[in-house]
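The numbers here are math on the coordinates, done by the rules we state, and not lab data. Computed from a predicted structure; not experimentally measured. Methodologically, a virtual Cβ is constructed for each residue, glycine included, from the backbone with ideal geometry; neighbour enumeration extends over all protein chains shown.
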Amino acid sequence: MKILVVDDEPDVKSLFEQRFRKEIRSGEMIFAFASSGEEALEYISINMHNSVLILSDINMPGMSGLELLKKIKQQHLKPPPFVMMLTAYGDAENYSAAMQLGADDFLTKPLDFIVLKDKLKKIA
């Protein structure tokens, strides 16, 4: 499974690489990382056929994760990407907005990697 992680926090890449070490080594999961919505759209435009799942933070400078979600769902209909939103703010407003824009799932930070791995296995 190929996964694009979009988050402006600098330690996200090393955290995912550490938590998914076994899955990365076995080739079960391949991660790409973008630090902004703009960078994610650029990556998707070049590699959409390679991304099965997009994990995006909601609160980022510049383009928010919700704006990114809206653009992804409008511009990339085939194949429809599975988009999971991540946020430190698990409030009803963000959840509702994400679901209305077409998010497929929603998780709060700090991430429970056991829950995330379980969700990813169900998608695969």
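Just need a number here: residues in segment 81-97 that are in contact with a helix residue (DSSP H, G or I) (Cβ under 9 Å, 6 or more places away or on another chain) and either more than 22 Å from SER45 (Cβ to Cβ) or in a strand (DSSP E or B) (or both). Spell out how you get there, then give the answer.
First pass over segment 81-97, keeping only residues in contact with a helix residue (DSSP H, G or I) (Cβ under 9 Å, 6 or more places away or on another chain): 81-87, 94, 97.
Now drop any that are not either more than 22 Å from SER45 (Cβ to Cβ) or in a strand (DSSP E or B) (or both), which leaves 82-87, 94, 97.
Looking only at that region, the number is 8.
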Subset of segment 1-37 that is buried (at least 17 other Cβ atoms within 10 Å of the Cβ) and in a helix (DSSP H, G or I) - its residue that is farthest from the chain's Cα centre (by Cα) = GLU23
Considering only segment 82-124, state which residues are among the basic types (Lys, Arg), without any contact (Cβ under 8 Å) to a residue 60 or more places away in the chain and under 16 Å from MET1 (Cβ atoms).
-> LYS119, LYS121, LYS122
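Before we move on, is ILE72 among the β-branched types (Val, Ile, Thr), in a helix (DSSP H, G or I), free of Cβ contacts under 8 Å to residues at least 40 places away in the same chain and surrounded by 17 or more Cβ atoms within 10 Å (Cβ to Cβ)? Spell out how you get there, then give the answer.
Details: among the β-branched types (Val, Ile, Thr): yes; in a helix (DSSP H, G or I): yes; free of Cβ contacts under 8 Å to residues at least 40 places away in the same chain: yes; surrounded by 17 or more Cβ atoms within 10 Å (Cβ to Cβ): yes.
Yes, satisfied.
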Assuming PRO61 fulfils every condition listed in (1) surrounded by 12 or more Cβ atoms within 10 Å (Cβ to Cβ); (2) under 19 Å from THR87 (Cα atoms) apart from one, which condition is it?
-> (1)
For segment 38-58 the number of residues that are over 16 Å from THR87 (Cβ atoms) and assigned to a helix (DSSP H, G or I) is 12
